[in-house]
Amino acid sequence: MATRGRFCDGPISRLPGSKMVTSAKSSVPTVTDQAAAMQLGQCAKNLATCLAELRTSAQKAHEACGPMEIDSALTAIQTLKSELQDAKLAAVNGQLKPLPGESLEKCAQDLGSTSKSVGSSMAQLLTCAAQGNEHYTGIAARETAQALKTLAQAARGVAASTTDPKAAAAMLDSARDVMEGSALLIHEAKEALISPGDAESQQRLAQVAKAVSHSLNNCVNCLPGQKDVDMALKSIGEASKKLLLETIPPSSKSFQEAQSELNQTAADLNQSAGEVVHASRGSSSQLAVASGKFSQDFDEFLDAGIEMAGHTPKKDDQIQVIGNLKNISMASSKLLLAAKSLSVDPGAANAKNLLAAAARAVTDSINQLITLCTQQAPGQKECDNALRELEAVRGMLDNPNEPVSDLSYFDCIESVMENSKVLGESMAGISQNCKTGDVTAFGECVGSASKALCGLTEAAGQASYLVGVSDPNSQAGHQGLVDPIQFAKANQAIQMACQNLVDPDSSPSQVLSAATIVAKHTSALCNACRLASSKTANPVAKRHFVQSAKEVANSTANLVKTIKALDGDFSEENRNKCRVATAPLIEAVENLTTFASNPEFASVPAQISNEGSAAQEPILQSARSMLDSSTHLLKTARSLVINPKDPPTWSVLAGHSRTVSDSIKSLITAIRDKAPGQRECDTSIDNINKCIRDIEQASLAAVSQNLPSRDDISLEALQEQLTSTVQEIGHLIDPISTAARGEAAQLGHKVTQLAGYFEPLITASVGVASKLKDHQQQMTFLDQTKTLAESALQMLYAAKEGGGNPKACHTHDAIAEAAQLMKEAVDDIMVTLNEAASEVGMVGGMVDSIADAMGKVSLCSLLWIDSHSVFFHQMTKSVTCPEELGGLASQVTVDYSQLALQGRLAAHTAEPEEIGFQIKTRVQELGHGCIFLVQKAGALQITPSDSFTKRELIECARNVTEKVSLVLSALQAGNKGTQACITAASAVSGIIADLDTTIMFASAGTLNAENDESFADHRENILKTAKALVEDTKMLVSGAASGQDKLAQAAQSSAKTITQLTDVVKLGAASIGSDDPETQVVLINAVKDVAKALAELIGATKCAAGKAADDPSMYQLKGAAKVMVTNVTSLLKTVKAVEDEATRGTRALEATIECIKQELTLFQSRDIPDKSTTPEEFIRMTKGITTATAKAVAAGNSARQEDIIHTANISRKAISDMLTTCKQAAYHPEVNDEVRHRALMFGRECTTGYIDLLEHVLLVLQKPTPEQKQQLAACSKRVAGAVTELIQSAEAMKGSEWVDPEDPTVIAETELLGAAASIEAAAKKLEQLKPRAKPKQADETLDFEEQILEAAKSIAAATSALVKSASAAQRELVAQGKVGSIPANAVDDGQWSQGLISAARMVAAATSNLCEAANASVQGHASEEKLISSAKQVAASTAQLLVACKVKADQDSEAMRRLQAAGNAVKRASDNLVRAAQKAAFDKVDDDNVVVKTKFVGGIAQIIAAQEEMLRKERELEEARKKLAQIRQQQYKFLPSELREDDN
């Protein structure tokens, strides 16, 4: 169980086992000894498998005994407490001895570093317990116990190694106090879990935690050297009390004496600060001495400062001096604390930088005081300050193995260039101002030079660190979840700013400055928390980061309020309020910093190799030389400004100036020459070029059939070696691409690693090719290997040019392109390798891939459910077709890899956590099943006739199928909301289709109410339901940000409400009566707009579910919600206007304008339509615009409400159809970009013109003046112009093959040919069908399935011939002149054409249904009754087609005879099928056995039940007949006149 927390919750780099597997696998290709390489590879696989099994077992064990972890931790801590008690007894008796390998320094460091681990584990324990998360509380308790065990061992070691018995006893006592407090804390955490929201238990928990923190500090303070630092800190605190006196006593010394003493003590204090920095890296005794000396020097300096303050006559100046002394006191305390922290834990991130920063702060504050107090000779104090600053930054160049700043390598170069320019100007100014005697300007130049030199030193230190880290022999660091440096800096800055805020002496400008600092750093902390929360998979940490960010933000907001009040009135009351408000902020930031210091979140620091240190040396040497010569130059300038007439000094100054210039030039050269990754890129390019030459030689030898075969190794071993090498190369593509674009320090590591794989790649590839017998296969392997090498070469050139510079954007596209080419080359060679391996049953590579994918799942959007459905098909095939096993095994591997990737995301986002855990576990179990399946497939390929292996394979396939269903069930449980959205969207699309049908009935004047009811009876119901839908809309929008349960509830509710709304609106429309069809259509269109908006909203909700508030999908959701509310409002207005004849036309027009605007928005979106259409169809739709425009102008002139309503209805349809077909035609694959752009542009222009026309019609309705009516013509001309352009665009799409799409002959021919094609496709589909395999039963069933398929095939063939004959008959009629190609009476012939077309469509549709029914029947999914119904429908539609053709045809013509023969063939085939199906149904009835009950009462009940069922069936039959009659009556109304007469 001890492995579980890290296995499941840490990032992959933290898992030692996984890291070892990864390292071993990446090393395999570089091992030259074949036996050793194979052994290492096999061991890595075995370890990976064992780890996967251990992980699964640990998860199951945790499910079984998770709650016991807390009790186990408590037991462990009690044991530690007893051990410490025994150790104390031994120490008292003088028998406590250090264990082997223990020393005082080592144990002290262990104790210091472990104290931090204990602190962070306890912080996590508190958070988990407060959140009531038992799982993570157990993990935190266990980790706390483990950290305490290390702490106890270290405490015992320190006590055993120290010579002072009292110190040993104090150490062991304080360690025992920590154990006692920790045991109590874990006990309280356990109690808190029982009642998570209980305020009292939370308060107790916080109190115990504070007590433990105090005990931990006491324990650390018992370390050697720590007491001395504490005494020094106490001494500084005591000395600083002198600054609190209200009146400064007058000085007893002269001004010169006081000034001289201040300068001397300042120099001593500055030197002592440097010694403290140095000693903190040494032994504890050195730190004790240095801190004692520092506190003594501080005391003397403080006295000298107070003496100096006594000489300042003005009260304000005195306050300023005292303020500076306070700053020095605070900086000194911080320096000692930083030194103490570093000595306790030298490996702590950023500890050295914090110490250096603290030392610089002491120097800066001393300089400020000296500048304020002293009146030296001109230019002297400026030079002294600069010299102190240079001394403080010199430490950066001592051992730069940590980042000095946030600068990238290229930022360092820029910083060096800028600062060297400033330094050059400042040095010239120093020399010039010495000559002219301008002391003020001289002081400014010295200050500028000092700043520039500090900047140069900082840039040089950071550049040298980056150079050292980028050396391939150095170990690169890894970025953690949070940056502890950032947190520590922010914490320190916020604390200092808060102290300045509450300082009584701070000025208004200082208060505002402090407020700005607080705001800046708290904002940065909140952003860091947000990022950390999004990255971590640990739910407790996720919530804690979010909660901490809230606490910091809230306390900052409260503080800002008090600062505003203080800024308005600097009263004591406001300052006190400000002081009170700082406390919660400091506490919140402290807590956050403690939590963020958890080792789980920390970065892994880089380790610089000896070679890296050597590479740093030229930069460091130049920087040191620059500092030394600058120091000499400033000292010379200091004496020269007093005595500018001294010629020898001028020559010394010139000499130092030259040295500074030379050292800066050498610094710039060194930094440029050592640019990270450049040398490695050059070496790697040479290596790969050599490899390309080798592969070319091998290719030439293969062409001439002279490639020598390698006999020292098997083909299988070579293929495995090649596969692992290619995989490792593939893994490096993205890291190189990332490094080349912005991580210069990583570039050298990655390119060296990449180049190292190419020699083994070429060796393995040539070896594989030499063993292959097929010449074509040989050349494929060698060519693909060469392609991979060439793409890698291109990648290296692009990476070298990019160099890791984020500002070199011009290189980023080339890097991305090279990376893509390289990925494609890797994919190609992997496909070839897998095919070659699977052909001979080698499945090792596939097993590795599946295991790798399983490992990624455990790292813990939605899973591709399609990936699951693929499996069952693969498994079935693999059992029935052994020869296809290789390809299928490879496909299963690819599918599982995709599934595992999506599974990890699904597990991460699933709610609640248990579902995510279940998904993760089941996907891993599926992976195990896939591994066994692939292994059995490989075994069966090697021995295809082995029946035992076949049985095992079948068993594995069944096992995998079961596990797939388990994954699916877990997914659906965690994905309720999204699933409900999909179901709701489907329901709404059905409603929209139903409303379209209702609009057709209404337009035809056949929508009537069933009884005498008025619209008023339905109005209230419509309004009430519409308002309920608005509430559902709000629930949907909020559901996207809530959990899956709420989302599911909202989606189901909205689907139910829209169904109710459409029903009541349809009833309302019917109640208006068929004598007013236009108003009916207006009302139904209004609810259809609402349904379409709801469909868009549900889609947007599904996409936005679980996303962040600033995600683009959230903005789309808000947009969709606005449209929804607009359309519901429009429906409500329409409902209210229906009974008002004076306004309903106006309302209809307003709704139409809004609808067209929404259609235009959809048209302008970048979504490509699912299907394309023909230019002819597009032209046909533009005709509707012309008609609608004419109607709109007429309606505007007449201003009659009936005309307006009619215009509104036809406008909506005409524009919608035009926009849909315009986009579909424009995105046809054969349409070029220019024509597409033109069509879309004029589609938009036509729509906007039409909107203007309708808006003008509205204007005319409100103010019907002749001038307004005249403008209607201008608006219609704009629309007509756009339509003309659209038609020209459509003609351009078609090219030379243009025909009039309105020609009825063309329409008929197109439809007939389409129908024939549809039937032929259906026939082909039937050809491929085979009856499903069944267990051996009676032969009659199998025979029936064969009969069904034969009959269905013959019907498909006959209908195909029939439709072709109908087409020939149509052509014959045209030839005879009975039907003109351009008819004189368009209505008449158009009606004939419509009859033929609709009949042809019905034949095609009926045949398609028949094929589906036959297929379903064979598969066992449909009844014989459905098959019989489908066959009869084919016969009926065929008869209609014959009637349509007979209307004007010559009865004795050849075409007509063929048509009649084809029709008879269809009828015969249909009859055969019906008979076969009826026989089967009859046989099935015979087979049904009825069990008669013997008991009398039971028998009577059985008779009654049978009679009841018979009556129910008879009633259902009668209802079905009535329904069929109604359908036929409705269809009859739409039939052409010829068909009606013939029917009669």
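The values are calculated or read from the model by the stated rules, or taken from the named source; none is laboratory data. Treat the numbers as computed from the prediction; the structure is a model and nothing was measured. A quick note on method: Cβ atoms are made from the backbone with ideal geometry, for glycine too, and the neighbour counts reach across all protein chains shown. Calculation scope for accessible area: heavy atoms of the full protein, side chains included, ligands and nucleic acids excluded. Shrake-Rupley method; radii C 1.70, N 1.55, O 1.52, S 1.80 Å.
A few remarks follow.
- Given (1) modelled with pLDDT of 85 or more; (2) within 17 Å of T127 (Cβ to Cβ); (3) touching a helix residue (DSSP H, G or I) at 6+ places or on another chain (Cβ under 7 Å); (4) surrounded by fewer than 18 Cβ atoms within 10 Å (Cβ to Cβ), index of the condition V546 fails: (1)
- Some residue of segment 438-445 being under 42 Å from the mean Cα position of the chain (by Cα), modelled with pLDDT under 85 and not in a helix (DSSP H, G or I): no
- Any hit, segment 999-1015, residues being open to solvent by 30 Å² or more (accessible area, probe 1.4 Å), under 30 Å from A906 (Cβ atoms) and touching a helix residue (DSSP H, G or I) at 6+ places or on another chain (Cβ under 6 Å): no
- Taking residues in segment 632-655 that are under 17 Å from G424 (Cα atoms), and partners anywhere that are crowded, with 17+ Cβ neighbours inside 10 Å and of a type in the set (F, W, Y), the pairs with Cβ atoms closer than 9 Å and at least 6 places apart or on different chains are A637/F442.
- Residues of segment 8-33 that turn out to be at pLDDT below 75, part of a helix (DSSP H, G or I) and open to solvent by 40 Å² or more (accessible area, probe 1.4 Å), as a count: 3
Each row is one residue, and each column tells you yes or no for (1) open to solvent by 20 Å² or more (accessible area, probe 1.4 Å); (2) in a helix (DSSP H, G or I); (3) at pLDDT 80 or above; (4) in contact with a His (Cβ under 6 Å, 6 or more places away or on another chain).
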| residue | (1), (2), (3), (4) |
| --- | --- |
| A52 | no, yes, no, no |
| A64 | yes, yes, no, no |
| D71 | yes, yes, yes, no |
| I77 | no, yes, yes, no |
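- In the set (1) within 27 Å of K352 (Cα to Cα); (2) buried (at least 19 other Cβ atoms within 10 Å of the Cβ); (3) not small (G, A, S), the condition left unmet by L531 is number (2).
- Considering segment 207-257, and only residues there that are open to solvent by less than 70 Å² (accessible area, probe 1.4 Å) and among the hydroxyl-bearing types (S, T, Y), the residue that is nearest to I328 (Cα to Cα) turns out to be S240.
- Subset of segment 1162-1196 (residues that are within 30 Å of D1140 (Cβ to Cβ), open to solvent by 40 Å² or more (accessible area, probe 1.4 Å) and among the hydroxyl-bearing types (S, T, Y)): T1187
- Segment 96-119, subset surrounded by fewer than 19 Cβ atoms within 10 Å (Cβ to Cβ) and modelled with pLDDT of 80 or more, residue farthest from the chain's Cα centre (by Cα): K97
- Yes/no for S625 being in a helix (DSSP H, G or I), surrounded by 15 or more Cβ atoms within 10 Å (Cβ to Cβ), among the hydroxyl-bearing types (S, T, Y) and modelled with pLDDT of 85 or more: yes
- Enumeration of residues in segment 235-258 that are over 24 Å from P504 (Cβ atoms) and either of a type outside the set (S, T, N, Q) or assigned to a helix (DSSP H, G or I) (or both): S235, K253, F255, Q256, E257, A258
- If you check V1125, V1082, V1090, V1135 for being open to solvent by 20 Å² or more (accessible area, probe 1.4 Å) and not basic (K, R), only one passes: V1125.
- Residue under evaluation A1108, criteria (1) assigned to a helix (DSSP H, G or I); (2) aliphatic (A, V, I, L, M); (3) surrounded by fewer than 19 Cβ atoms within 10 Å (Cβ to Cβ), criterion not met: (1)
- Residues that are open to solvent by 60 Å² or more (accessible area, probe 1.4 Å), modelled with pLDDT of 80 or more and among the basic types (K, R) number at least 2 in none of the helices (runs of 4 or more DSSP H) confined to segment 855-956.
- Complete set of residues in segment 1060-1097 that are within 18 Å of S986 (Cβ to Cβ), of a type in the set (V, I, T) and over 36 Å from the mean Cα position of the chain (by Cα): T1062
Results for (1) surrounded by 14 or more Cβ atoms within 10 Å (Cβ to Cβ); (2) small (G, A, S); (3) touching an Asp or Glu at 6+ places or on another chain (Cβ under 6 Å); (4) within 20 Å of S213 (Cβ to Cβ), shown as yes or no for each residue.
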| position | (1), (2), (3), (4) |
| --- | --- |
| K550 | no, no, no, no |
| K561 | no, no, no, no |
| N574 | yes, no, no, no |
| I586 | yes, no, no, yes |
| A596 | yes, yes, no, yes |
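- Across segment 1021-1070, the number of residues qualifying as of a type in the set (S, T, N, Q), part of a helix (DSSP H, G or I) and open to solvent by 20 Å² or more (accessible area, probe 1.4 Å) comes to 8.
- Residue identified as open to solvent by 10 Å² or more (accessible area, probe 1.4 Å), small (G, A, S) and modelled with pLDDT under 90 among A1199, A1208: A1199
- Residue in segment 460-489 that is surrounded by the fewest Cβ atoms within 10 Å (Cβ to Cβ), counting only those that are modelled with pLDDT of 80 or more and under 23 Å from A338 (Cα atoms): Q462
- Selection of segment 676-720 for residues being under 41 Å from the mean Cα position of the chain (by Cα) and open to solvent by 30 Å² or more (accessible area, probe 1.4 Å) yields Q678, R679, D682, T683, D686, N687, N689, K690, E716, E720.
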